[in-house]
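One structure is given below, encoded as structure tokens.
Just so it is clear, none of the values below were taken in a lab; they were calculated from the coordinates. Fair warning: this is a prediction, and the values are worked out from it, not measured in the lab. With ideal geometry, Cβ positions are generated from the backbone for all residues, glycine too; neighbour counts draw on all protein chains shown.
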Amino acid sequence: FQNKNPFLQIFYRKNSHGEVGFILSEGKVITKLIQVSYANSKNDLKKREIRSLIKASEELKCKNLLVITWDYGEEQDEIKFIPLWKWLLEVEK
């Protein structure tokens, strides 16, 4: 991953509610929360991964939530699930 935006910062977050793999921000504004999972289906997703993403969303006031999976894609409630191969193709755009 090459950061083409010099103002974009990437962080990791871990606390008692769980962890979020990637927090993207531009300046002081958090623009996206990303979780990564090896899930092949909705049933493979671990509840703790989703729970920690939603909790971080509430605390950081960010509604742009993404879970990158091995091969599962769907938009559900406020979270977008996308397979890794598809996300990699979109990153280049």
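General remarks:
- Whichever residue in segment 29-88 is aromatic (F, W, Y) and farther than 18 Å from I10 by Cβ and, among such residues, is surrounded by the fewest Cβ atoms within 10 Å (Cβ to Cβ): W85
- A Cβ distance below 9 Å, combined with a sequence gap of six or more or placement on separate chains, defines the contacts here; from segment 65-88, residues that are within 14 Å of D44 (Cβ to Cβ) reach residues that are among the charged types (D, E, K, R) and assigned to a loop (DSSP other than H, G, I, E, B) in the pairs P83/D71; L84/D71.
- Pairs where the first residue, in segment 12-28, is touching a residue at least 40 places away in the same chain (Cβ under 8 Å) and the second is exposed (fewer than 13 other Cβ atoms within 10 Å of the Cβ) and of a type in the set (D, E, K, R), C-beta under 7 Å, 6+ apart: none
- The set of residues in segment 29-46 that are farther than 12 Å from C62 by Cα and of a type outside the set (S, T, N, Q) comprises V36, Y38, A39, K42, D44, L45, K46.
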